[in-house]
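Note sheet for the following structure.
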């Protein structure tokens with residue numbers, strides 16, 4: 001299973017691809033690490049963004065997308081453009097999109113800590129949140145929370 005972890009900040013989607021092969025987590029190389037939506041967020045720029053993301057998902061055989069949830073109001077609320085990016089992602093055919101709440105992510109990481117220091121992954125510093133979301137998603141699928 002290959003997942004694309006995404007952190008949406010303002011008008012950009014920061015991504016990290018990750019794959020689970022048995023018990024081995026792999027981080028495949030990717031041609032692009034961030035996608036920006038123009039500040040206007042008009043129809044044409046939305047379509048270009050959605051097309052570019054859909055093409056990336058097809059090219060890299062991504063089956064799932066995990067997005068870090070953002071609050072809708074308050075000090076750390078997501079921007080309107082950010083929510084447009086989220087909607088564009090949810091409407092891409094061929095991928096299953098999961099918006100991951102912070103509490104869900106923390107619970108999974110508590111049960112399945114990240115086994116490697118982020119600095120050793122070879123990823124850029126700004127991708128750390130996307131990496132963490134992708135890892136938590138994969139671990140949540142592989143080791144679901146016991147019921148009861």
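Considering (1) closer than 21 Å to residue 132 by Cβ; (2) in contact with a strand residue (DSSP E or B) (Cβ under 8 Å, 6 or more places away or on another chain), the lone condition that residue 24 does not fulfil carries the number (2).
One residue stands out in segment 47-83 among those that are crowded, with 17+ Cβ neighbours inside 10 Å, in contact with a helix residue (DSSP H, G or I) (Cβ under 9 Å, 6 or more places away or on another chain) and at pLDDT below 95: the one that is farthest from residue 128 (Cα to Cα), namely 78. Across segment 123-143, the qualifying residues are those that are outside any helix (DSSP H, G or I) and at pLDDT 95 or above, and the one among them that is surrounded by the fewest Cβ atoms within 10 Å (Cβ to Cβ) is 124. Of the candidates 113, 146, the single residue that is loosely packed, with under 11 Cβ neighbours inside 10 Å, part of a loop (DSSP other than H, G, I, E, B), out of contact with any helix residue (DSSP H, G or I) (no Cβ under 8 Å at 6 or more places or on another chain) and at pLDDT 95 or above is 113.
The values are calculated or read from the model by the stated rules, or taken from the named source; none is laboratory data. Quantities reported herein were computed from a predicted structural model and do not represent experimental measurements. Quick reminder, even Gly has a Cβ in these numbers, built from the backbone with ideal geometry, and neighbours come from all protein chains shown.
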